[in-house]
Amino acid sequence: MPILKFLKPKNELEEGGRMAAPVQSDAGEPEKKCPNCHKDIPLSKLWADSLVCTCGYNFRMKARQRIHMICDKKSFCEMFCDITPTNPISFPGYTEKHESVRISSGENEAVICGTATIGRQKCCIFVMESYFMMGSMGSIVGERITALFEYAVEHHLPVIGYTVSGGARMQEGLVSLMQMAKTSAAVKRHSDAGLLYIAILTDPTTGGVTASFAMEADIILAEPGATVGFAGARVIEQTTKKSLPKGFQTSEFVLEHGFIDVIVKRSEQKKTLCELLKLHNGGAA
Amino acid sequence: MPAQKPYDKVKLARNIKRPTGLDYINNIFENFFELHGDRRYADDRAIVGGVAYLDEIPVTVIAIEKGHSTKERAMRNFGAPHPEGYRKALRLMKQAEKFGRPVICFIDTSGAFCGVGAEERGQGQAIAENLMEMSTLCVPIVSILIGEGGSGGALALAAGDRVWMLQNSVYSVISPEGCASILWKDASLAEKAAENLKLTAHDAKSLGIIEKVISEKDIGTEMFYDRIRRLLTKEVSLLSKDAELVGKRYERFRQIGAKSAV
C-alpha cells in the first residue's frame, strides 16, 4: 500500500451536511440559505462570522477552518498525518469508499492532529472532520488521537480537542470499537500526569466518540445547538415507540443534565480557550 | 455438523435458552453475595454484581443478566443496561481494587439501552468513565462474552486484561440489522452484514481482539462450568502475580489498529 500524503482541499465550501450549495444572488454576490431562519446570507458575511448565521445557526465547519479560527497564525504544525489505508476486516467496498472520501474531502482521515499555540500558549490539538465519513472513528482516528495524547504526556502539554462524529466506523468492525478503549486509556494517562484536556463538542458528537474521549475531558465545552448524545435519536424513537422531547440530545440538553460545563459561541471560543489555558498555567504540570 | 454461518451464530447468541449471567455466577462461584446500586441514582437490574469465591479466591463478579422467563426478561430490561448499571459496575470494580480482589465480568447484551432516560443520565459518559477507569485498575480484569456483545455497552465491561468468548457468542461494533439498515437501507440484509462484520468468536480471536474461544460442546452442564472455573482460577492467579499488569493492559489495546497510521 502506498503511503498517501495529505491531499490539499479542493474547495473550501462543499455541498452536503449542513452546508447547502451557495447560490448567486441578483446583486452578484454568492449567498447561502440558512436552514434555520431561511434567509439568504452573503457568503462573505458568513465567512467573516465564522460560518454563524445572524440568527445564531452554526453551519458545519471544516476541520482546517477551525484550526485557522482557533490557533495563532502559522502556529499549527500537523502531526501523524501520513496513513497507510487499511481494511482491517476486509469490509466490501470500504477501500473504495475510503479512497473516494479522501478525494472529495481533501483530507486523508477524519481527524487532524498537531501542535499549535493559542494566545501564545503551546498545546496539542485535534480537530475531527465531519466531511470525512461523518467523523467516524476507525483505527486511524483512534491511532492519531492516542498518539497525540502520548506526545502530550511526553512533552507536558495540554490537549484541546474538537469532536464531531457519527460514532465508531462500522466498516472497521471490532477494530474500530477497540479504539474507544485505546483512546480512553491514553486520555487517562494524560490526566494522571496532571495535564489539562479541554474538549469542544460540535455538531454532531455521538456514539462511540461520546462514549469515549468526548466525555473524558477535564472541561467540556459545546457549540450552541449541537447534537450531543450516545444513541441515535431515530433508534431511540424506534426502541421506545415514543416521540422525543423537544431539544432532546442538544448541547443545551446535556448542559441542563450536567454533562458539559458550558456552551460557548464560535466567536468566543478562542478567547475562552486562551483564558482556560492561562488559568491552568499553559496547561503544563 | 454443517459449518455455521455468522448469522446462525448471532441467532444462537440471542437464543433465550442459553445460560445467562446469573447461571454462570451461581454455577462457577461459591457464596455469591449480591451488592446493589450505583450510589447515585438507582439499582440497574440488567447488571448483577457482588462478591464471591472463585475456588478459594475472593473475587468481584459482575454480569449482564438477560433473564429467562418473559417476566424476568422484562425485569432485567432484556439485558440492556442504563447508565446506572455501568456506574454500579465501576463502583464494584473500584471496591475490588481497594480490597485487592480480581474482577470477573460476564457480558451478554444487545447494547447499552437506547432511551430518553438513559440519555438524560449520560449513557455515553458512563461508558466513557468505565473505559477510562478500567485502563488503570490495579487488579486483574477477566471478561467473558457469553452471548451477545453489543458494541460500547459490552466494551464497557470488557476493557480488561483478558477477554474470552464462548464459541457461539458474538461481539460487534453494531448489530447486523443496524449495519444493514444504515449501509443498504434494508435490515433484512442482516445475514450479509453479519458475514462482513467479522463478529464471531473465531474472527475476534484472529483479529487479536480476544485471547480465547471457549468450547460450548457441554454448555450448561456441570463439566462446562467446572472447565470455566478452572480456566478462570488459573488465569487470575497468574495475573495477580504480574507486576506489569496495568502497563500490559495498556499495550493490549494500544496495539489494536496501530499499524494503520504512520
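The values are calculated or read from the model by the stated rules, or taken from the named source; none is laboratory data. Remember, it's a predicted structure, so these values are computed and weren't measured experimentally. Don't worry about glycine lacking a Cβ; one is built from the backbone with ideal geometry, like all the others, and counts go over all protein chains shown.
Tabulated values for the structure
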{"quantity": "Residue list for segment B:95-117, restricted to those being free of Cβ contacts under 8 Å to residues at least 40 places away in the same chain and either at the interface with chain A (Cβ under 7 Å from one of its Cβ atoms) or within 18 Å of B:Tyr250 (Cα to Cα) (or both)", "calculated": "B:Cys114, B:Gly115, B:Val116"}
{"quantity": "First in segment B:153-179 and over 17 Å from B:Val213 (Cβ atoms), second anywhere and of a type in the set (Lys, Arg) and in a loop (DSSP other than H, G, I, E, B), Cβ under 9 Å, 6 or more apart", "calculated": "B:Val173/A:Arg169"}
{"quantity": "Matching residues in segment B:40-53 - criterion: being out of contact with any Phe, Trp or Tyr (no Cβ under 8 Å at 6 or more places or on another chain), hydrophobic (A, V, I, L, M, F, W, C) and not in a loop (DSSP other than H, G, I, E, B)", "calculated": "B:Val48"}
{"quantity": "Filter result for A:Thr115 (surrounded by 19 or more Cβ atoms within 10 Å (Cβ to Cβ), more than 15 Å from the chain's Cα centre (by Cα) and in a loop (DSSP other than H, G, I, E, B))", "calculated": "no"}
{"quantity": "Any hit, segment A:243-265, residues being part of a helix (DSSP H, G or I), of a type in the set (Lys, Arg) and within 23 Å of the chain's Cα centre (by Cα)", "calculated": "no"}
{"quantity": "Contacts under 7 angstrom Cβ, first residue in segment A:188-216 being farther than 14 Å from A:Ser136 by Cβ, partner buried (at least 23 other Cβ atoms within 10 Å of the Cβ) and modelled with pLDDT under 95, 6 or more apart", "calculated": "A:Leu195/A:Gly283; A:Leu196/A:Gly283"}
{"quantity": "Counted residues, segment A:196-211 - those being in a helix (DSSP H, G or I) and β-branched (Val, Ile, Thr)", "calculated": "2"}
{"quantity": "Meets criteria (more than 7 Å from chain B (Cβ to nearest Cβ) and farther than 28 Å from A:Glu275 by Cβ) for A:Ser243", "calculated": "yes"}
{"quantity": "Out of A:Thr210, A:Thr202, A:Thr206, A:Thr163, sole residue that is of a type in the set (Ser, Thr, Tyr) and closer than 19 Å to B:Glu133 by Cβ", "calculated": "A:Thr210"}
{"quantity": "Residues located in segment B:54-101, provided they are in a helix (DSSP H, G or I) and among the β-branched types (Val, Ile, Thr)", "calculated": "B:Thr70"}
{"quantity": "Any hit, segment A:68-78, residues being surrounded by fewer than 18 Cβ atoms within 10 Å (Cβ to Cβ), touching a Gly at 6+ places or on another chain (Cβ under 6 Å) and not aromatic (Phe, Trp, Tyr)", "calculated": "yes"}
{"quantity": "Residue in segment B:140-189 that is nearest to B:Met93 (Cα to Cα), counting only those that are surrounded by fewer than 24 Cβ atoms within 10 Å (Cβ to Cβ) and among the acidic types (Asp, Glu)", "calculated": "B:Glu177"}
{"quantity": "When residues of segment B:1-34 are limited to those that are basic (Lys, Arg) and touching a Ser or Thr at 6+ places or on another chain (Cβ under 8 Å), the one surrounded by the most Cβ atoms within 10 Å (Cβ to Cβ)", "calculated": "B:Lys9"}
{"quantity": "Of all residues making up segment A:165-189, the number that are within 16 Å of B:Phe253 (Cβ to Cβ), surrounded by fewer than 24 Cβ atoms within 10 Å (Cβ to Cβ) and more than 8 Å from chain B (Cβ to nearest Cβ)", "calculated": "0"}
{"quantity": "Conditions (1) buried (at least 24 other Cβ atoms within 10 Å of the Cβ); (2) over 14 Å from the mean Cα position of the chain (by Cα); (3) assigned to a helix (DSSP H, G or I); number of the one not met by A:Val153", "calculated": "(1)"}
{"quantity": "Sole residue being facing chain B (nearest Cβ under 8 Å), hydrophobic (A, V, I, L, M, F, W, C), surrounded by 24 or more Cβ atoms within 10 Å (Cβ to Cβ) and closer than 25 Å to A:Met69 by Cα, chosen from A:Ile140, A:Ile200", "calculated": "A:Ile140"}
{"quantity": "Strands (runs of 3 or more DSSP E) wholly inside segment B:162-231 containing at least 1 residues that are at pLDDT 95 or above, within 18 Å of the chain's Cα centre (by Cα) and charged (D, E, K, R)", "calculated": "B:162-166, B:212-214"}
{"quantity": "Any hit, segment B:11-18, residues being more than 21 Å from B:Val213 (Cβ to Cβ), hydrophobic (A, V, I, L, M, F, W, C) and part of a loop (DSSP other than H, G, I, E, B)", "calculated": "yes"}
{"quantity": "Boolean, A:Gly207 is at positive phi, among the small types (Gly, Ala, Ser) and within 11 Å of chain B (Cβ to nearest Cβ)", "calculated": "yes"}
{"quantity": "Within segment A:225-240, considering residues that are crowded, with 18+ Cβ neighbours inside 10 Å and assigned to a loop (DSSP other than H, G, I, E, B), the one farthest from the other protein chains (Cβ to nearest Cβ)", "calculated": "A:Ala226"}
{"quantity": "Filter result for B:Ala194 (buried (at least 17 other Cβ atoms within 10 Å of the Cβ) and closer than 20 Å to B:Val170 by Cβ)", "calculated": "yes"}
{"quantity": "Close pairs from segment B:233-262: first facing chain A (nearest Cβ under 9 Å), partner in a helix (DSSP H, G or I) and β-branched (Val, Ile, Thr), Cβ under 8 Å, at least 6 apart", "calculated": "B:Arg254/A:Thr146; B:Ile256/A:Val175; B:Gly257/A:Ile140; B:Gly257/A:Val175; B:Ser260/A:Ile140; B:Ala261/A:Ile140"}
{"quantity": "Check on A:Leu177, closer than 22 Å to B:Phe113 by Cα, touching a residue at least 12 places away in the same chain (Cβ under 8 Å) and touching a strand residue (DSSP E or B) at 6+ places or on another chain (Cβ under 6 Å)", "calculated": "yes"}
